[in-house]
Amino acid sequence: MASLINWAGTALFILILAIGFFSITFGIPGTWIILLDAILYGWGTHFKVLTPHVLITLTVLAISGEILEFFLSIKGIKRSKPSKGVVIVSFFSGIFLAVLMAPLFLGFGAVLGALIGTFGGAFLMEYSAEKRVGHAMHIGWKAFLGRLAGFIAKLAVATIMVVIIFSRLFF
C-alpha cells in the first residue's frame, strides 16, 4: 500500500511539474510553480531526494528566469526609444491576447497571442503618439523580439529546472 501511495505522490508531483512548465506559455510564472512543487515534494520525502542544496539551486534558477524574461522583454524596445507608456501597454496587451488565444492550437495559442499582443500593443501605442507607421512597426517588432527572447530564456531555465529534478528522481 505504501508503494502505491509513493507512486501516486510521484505521479502527482510530475503532473504538477508539467503544468508548471506549460503554464509558461500562458504568461504564468511556471518556474515558481515548479519550485513550489519541488519544495513540497522535498518536504514530503524528508529532503532525501530533493535536498536543500538542490532546492536552493532551483530557487536561484527561478529568480534568474523571471529576471531574464523581464529584462529581455523590455531591452529591445527600450533601446528604440519608444513613446511614453509603450512598454507597459505592450506588456499588458501581450498578457491579454495570450489569455484570449489560449484555447487555440492546443494551448499554444497563448504563445502566439502573447507575441502578437506585445507587437500590436507597442505598434498601436507608438503610432498613436508619433503618427509614423514605419517607426511604430520598428517599435512593435522590437517589442515582439524582446518578448520572444524573454519567453525562450524562461523556457530554457524551466527546462534546466526540470532536468535537475528528474536527474535527482530517476538517476
(message) Using each residue's phi in segment 107-120, evaluate 6.51 cos²θ - 1.76 cosθ + 1.60 at θ = phi - 60° and report the 3J(HN,Hα) Karplus result to the nearest Hz, with x for Gly and Pro.
(response) x, 6, x, 5, 5, 4, x, 4, 6, 5, x, 5, 4, x
(request) With a Förster radius of 45 Å, plug the Cβ-Cβ distance of Thr59 and Leu104 into 1/(1 + (r/R0)^6) and report the FRET value to the nearest 0.05. (result) 0.85
(request) Read phi for every residue in segment 9-21 and hand back ³J(HN,Hα) as whole Hz from Karplus 6.51 cos²θ - 1.76 cosθ + 1.60, θ = phi - 60°, with x for Gly and Pro. (result) x, 5, 5, 5, 4, 5, 4, 5, 4, 5, 4, x, 5
(message) 7 Å from Cα along Cα→Cβ at both Trp43 and Leu112: what's the point-to-point distance in nm?
(response) 4.0 nm
(request) Under a 10 Å cutoff between Cα atoms, tell me which one of Gly150, Gly107, Gly134 has the largest fluctuation in the Gaussian network model of the chain. (result) Gly134
(message) Suppose R0 equals 45 Å. What FRET efficiency, 1/(1 + (r/R0)^6) with r the Cβ-Cβ distance, do Ile14 and Phe71 give to the nearest 0.05?
(response) 0.90
(message) Between helix 133-170 and the chain, what is the angle of the helix's C-alpha long axis to the longest principal axis, kept within 0 to 90° and rounded to the nearest 10?
(response) 10 degrees
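Quick one: which of Lys81/Lys131; Lys81/Lys154; Lys48/Lys154 span more than 21 angstrom between C-alpha atoms? Intermediate results must be reported in sequence, preceding the final value.
On the way: Lys81/Lys131 15 Å; Lys81/Lys154 25 Å; Lys48/Lys154 28 Å.
Beyond 21 Å between Cα atoms: Lys81/Lys154; Lys48/Lys154.
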(request) Quick one: among Trp32, Trp43, Trp141, which has the greatest mean-square fluctuation in a GNM of the chain with alpha-carbon springs under 10 angstrom? (result) Trp43
(message) I want to verify a result. In a Gaussian network model of the chain, Cα cutoff 10 Å, which of these has the top mean-square fluctuation: Ile34, Ile56, Ile24?
(response) Ile56
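Quick note: the coordinates plus some simple rules give every number you see, no bench work behind them. As the structure is a prediction and not an experimental result, all values here were calculated from the model. Using ideal geometry, Cβ is built from the backbone for each residue, glycine included, and neighbour counts are taken over all protein chains shown.
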